[in-house]
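Okay, structure first, notes after.
The values are calculated or read from the model by the stated rules, or taken from the named source; none is laboratory data. Values in this document were obtained by computation on a predicted structure and should not be read as measured data. A quick note on method: Cβ atoms are made from the backbone with ideal geometry, for glycine too, and the neighbour counts reach across all protein chains shown.
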């Protein structure tokens, strides 16, 4: 399945790959065990999925949060097996996920505990930020390994907070408002691996704002509306290796793709249960291989697409 379809005359840019998780599960070694030779973290086997929100992928493993069951899952793309990660924290509302290749640490935001946690390759807690009053509702998180930063979207504070990889506060940017550089209940965030540009879903203003790595406002995309290029409920966001911007819209049950300059290119989806259809999609992640992972929340699955990069 290609998008746009060849019969429409355009050059396909995306390929539908499949969905996760499978209907049956089997035993497996953990993600960290296979990659780093560490002990197994996956001691629980899920009966069914609840409400998926955040997603991040590392090599052949996909991690995602379940806000209903208050857990983080790991799915093995090679073996097709699914596990609950036995972290030493009792989550209340796990939402955002990020991963640092430099530190081999997975980060989880908990909107109810008002903290961001980091866990090492053995599943040990090695990182926690969120002193009393520091966060109001941390949701989206992202890591820039090049600049050694962690970005946390504090939705109820209408602000993005920036930390180093050790959890030291660097600065924040944004406050409540509707001007450029201001936010109204932002939710999700993505980083351009090449440029360091920062992409923030400004949900209640129906737009995406783009900033440089120096926190200067660069671009605003979208606005309220029901035509391509506009949003009703923007959520997850990602950036491919060519700088194209992908934005999930929970209300439209799709994701839209924009050029690096913010021009609408096309969209994928619509309400439904078939492949490439969605019901209340939420988080999104695009990895180094341009694999696109889209959380299809009410369908209790993650759909995978591949960006077909043009040969230069």
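Return yes or no: is residue 91 at pLDDT 95 or above, farther than 21 Å from residue 190 by Cα and crowded, with 19+ Cβ neighbours inside 10 Å?
yes
Looking at the range 283-312 only, could you name the residues that are farther than 22 Å from residue 100 by Cα and surrounded by 19 or more Cβ atoms within 10 Å (Cβ to Cβ)?
296, 297, 299, 301, 303, 305, 307
Exactly one of (1) part of a loop (DSSP other than H, G, I, E, B); (2) within 22 Å of residue 142 (Cβ to Cβ) is unmet by residue 97. Its number?
Unmet condition: (1).
Which residues, counting only those in the range 152-161, are buried (at least 19 other Cβ atoms within 10 Å of the Cβ) and either assigned to a strand (DSSP E or B) or at negative phi (or both)?
If the condition is that a residue be buried (at least 19 other Cβ atoms within 10 Å of the Cβ) and either assigned to a strand (DSSP E or B) or at negative phi (or both), then 152, 153, 154, 155, 157, 159, 160, 161 are the ones that fit.
I need a count of the residues in the range 128-151 that are assigned to a loop (DSSP other than H, G, I, E, B) and touching a residue at least 40 places away in the same chain (Cβ under 8 Å).
The number of residues fulfilling the criteria is 4.
Report, by residue number, each residue of the range 1-23 that is assigned to a loop (DSSP other than H, G, I, E, B) and either surrounded by fewer than 16 Cβ atoms within 10 Å (Cβ to Cβ) or free of Cβ contacts under 8 Å to residues at least 24 places away in the same chain (or both).
Passing the criteria: 1, 5, 9, 10, 11, 12, 22, 23.
Taking residue 9 as the residue in question, decide whether it is out of contact with any helix residue (DSSP H, G or I) (no Cβ under 8 Å at 6 or more places or on another chain), more than 25 Å from residue 143 (Cα to Cα) and at pLDDT 90 or above.
Here the answer is no, as residue 9 does not meet what is asked.
Can you tell me which residues in the range 105-114 are within 18 Å of the chain's Cα centre (by Cα) and surrounded by fewer than 21 Cβ atoms within 10 Å (Cβ to Cβ)?
Once the filter is applied, which keeps residues that are within 18 Å of the chain's Cα centre (by Cα) and surrounded by fewer than 21 Cβ atoms within 10 Å (Cβ to Cβ), the range 105-114 yields only 105.
Any residue that is modelled with pLDDT of 95 or more, crowded, with 20+ Cβ neighbours inside 10 Å and either more than 21 Å from residue 65 (Cβ to Cβ) or in contact with a helix residue (DSSP H, G or I) (Cβ under 6 Å, 6 or more places away or on another chain) (or both) - is there at least one of those in the range 119-139?
yes
It is to be established whether one or more residues within the range 165-185 are under 17 Å from residue 110 (Cα atoms), at pLDDT 95 or above, outside any loop (DSSP other than H, G, I, E, B) and touching a strand residue (DSSP E or B) at 6+ places or on another chain (Cβ under 8 Å).
no
If I filter the range 215-249 down to residues being in contact (Cβ under 8 Å) with a residue 40 or more places away in the chain and part of a loop (DSSP other than H, G, I, E, B), which single residue comes out as surrounded by the most Cβ atoms within 10 Å (Cβ to Cβ)?
Checking each candidate, the answer is 240.
Is there any pair with a first residue in the range 174-185 that is in contact (Cβ under 8 Å) with a residue 12 or more places away in the chain and at negative phi and a second that is in a loop (DSSP other than H, G, I, E, B) and loosely packed, with under 14 Cβ neighbours inside 10 Å whose Cβ atoms are under 9 Å apart and which are 6 or more apart or on different chains, and what are they?
If the second residue must be in a loop (DSSP other than H, G, I, E, B) and loosely packed, with under 14 Cβ neighbours inside 10 Å, the pairs left are 182/175; 183/175; 183/177; 184/177; 184/178.
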